Amino acid sequence: QVQLVESGGGLVQPGGSLRLSCSASGISFRTYPMDWYRQGPGGRRELVAHLTNVGITTYADSVKGRFTVSGNNAENTVYLQMNSLRPEDTGVYYCNVQISTLPYWGQGTQVTVSS
């Protein structure tokens, strides 16, 4: 059974940093690409960062240069390091993996950027 559990969200001031974690069970993230999405107050879920199973990363234009996605084989965990946070980064962050056209999502972790 595939399970994804996100953690690390919280309240941070503009310009601050957070590191999100996505712990995977039931799969090895080195077998499948992993994604981080966020859902802002408007309700639309957007792709923020993508990590392929060979370590190639891509990012949404809005976070390039500020966010970094990485993985830890031993812990079977994917991270999203978020620096220089802005109020528009506020939202619920989800990790995602797609296996044979089936999407799996975690429960999400809330990130709020506000002074």
Report yes if some residue within the range 29-43 is under 18 Å from V111 (Cβ atoms), outside any loop (DSSP other than H, G, I, E, B), open to solvent by 30 Å² or more (accessible area, probe 1.4 Å) and not hydroxyl-bearing (S, T, Y); otherwise report no. yes
Filter the range 63-76 for residues that are more than 12 Å from L51 (Cα to Cα), open to solvent by 60 Å² or more (accessible area, probe 1.4 Å) and either of a type in the set (G, A, S) or within 13 Å of the chain's Cα centre (by Cα) (or both) and give the result. G65, A74
Residue under evaluation Q13, criteria (1) touching a residue at least 40 places away in the same chain (Cβ under 8 Å); (2) under 11 Å from the mean Cα position of the chain (by Cα), criterion not met: (2)
In the range 1-15, how many residues are in a strand (DSSP E or B), more than 8 Å from T112 (Cα to Cα) and among the β-branched types (V, I, T)? 1
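For (1) open to solvent by 50 Å² or more (accessible area, probe 1.4 Å); (2) aromatic (F, W, Y), each residue gets a yes or a no:
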| site | (1), (2) |
| --- | --- |
| D61 | yes, no |
| V78 | no, no |
| Y94 | no, yes |
| Q107 | yes, no |
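The values are calculated or read from the model by the stated rules, or taken from the named source; none is laboratory data. Being a predicted model, the structure only gives us computed values, none of them experimental. Cβ: placed from backbone, ideal geometry, glycine included. Neighbour counts: every protein chain shown. Heads up: the accessible areas ignore ligands, DNA and RNA and are worked out on the full protein's heavy atoms, side chains in. Shrake-Rupley method; radii C 1.70, N 1.55, O 1.52, S 1.80 Å.
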